[in-house]
Amino acid sequence: MINLSDTQRILLSNATQRGDGSLLPLADTLKPGGGTAKATAALIRNGLAEERVTSDPAAVRRSEGNIDYGVFITLAGGAAIGIDLAEDGNGDASGLSVAVAAAPAATPTPVGPRAASKSAAVIALLSRTEGATLPELITATSWLPHTTRAALTGLRKKGYAITRGKRDGATCYCIVEAA
């Protein structure tokens, strides 16, 4: 279960009360600034919220050129606060049909990385039947050894089941498929 701060709970709770699931505008009890910005960034990083294109000026978080982006609650975000958000068929919570869930999910579901990212490359190597050794992961990512090991820890925190074994005398890491 993910530990949420009070600010994160308020952001997610208010998003469930909006038709589009937007975290913005902020609730009256929250002040704009570093605390809400960090809380929002953490929600996005943990897959509890996502950035999407928006046309609502009140929901804009940032703009790139003439494209506005807002932050919206995900199905996992609703589950984290004990609310079941019905899917709209696209896999997101933009429809926001709300029903109270019996209990939030006990373990986080793995959130996939961006395509063509170093994290995606690590997951691809670890998903092979033979897994990957630390030197293979370092070569694929150009990361230092301690950064590569930290990435493995981060994947575990995101819900991936990673096992460690031996292959040709070297430590080998592999993602275990859920049963």
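Calculate, for ILE162 and LYS38, the FRET efficiency according to 1/(1 + (r/R0)^6) with r their C-beta to C-beta distance and R0 35 Å; round to the nearest 0.05. Efficiency at R0 = 35 Å is approximately 0.80.
LYS118 contributes about 100 Å² of solvent-accessible surface, heavy atoms of the protein only, 1.4 Å probe.
Were the residues from SER13 through GLU130 laid out at 0.36 nm apart, the gain over their Cα-Cα distance would be 37.8 nm. At an R0 of 41 angstrom, the distance between the Cβ atoms of ARG62 and GLU177 translates into a FRET efficiency of 0.65.
For region 121-179, GluC sites (Glu not before Pro) are listed when DSSP marks them as loop and at most 10 other Cβ atoms sit within 10 Å of their Cβ; the list is GLU177.
The values are calculated or read from the model by the stated rules, or taken from the named source; none is laboratory data. Owing to the predicted nature of the structure, the values given are computational and were not obtained by experimental measurement. Cβ: placed from backbone, ideal geometry, glycine included. Neighbour counts: every protein chain shown. Keep in mind that these areas ignore ligands, DNA and RNA; they rest on the heavy atoms of the full protein, side chains included. Shrake-Rupley method; radii C 1.70, N 1.55, O 1.52, S 1.80 Å.
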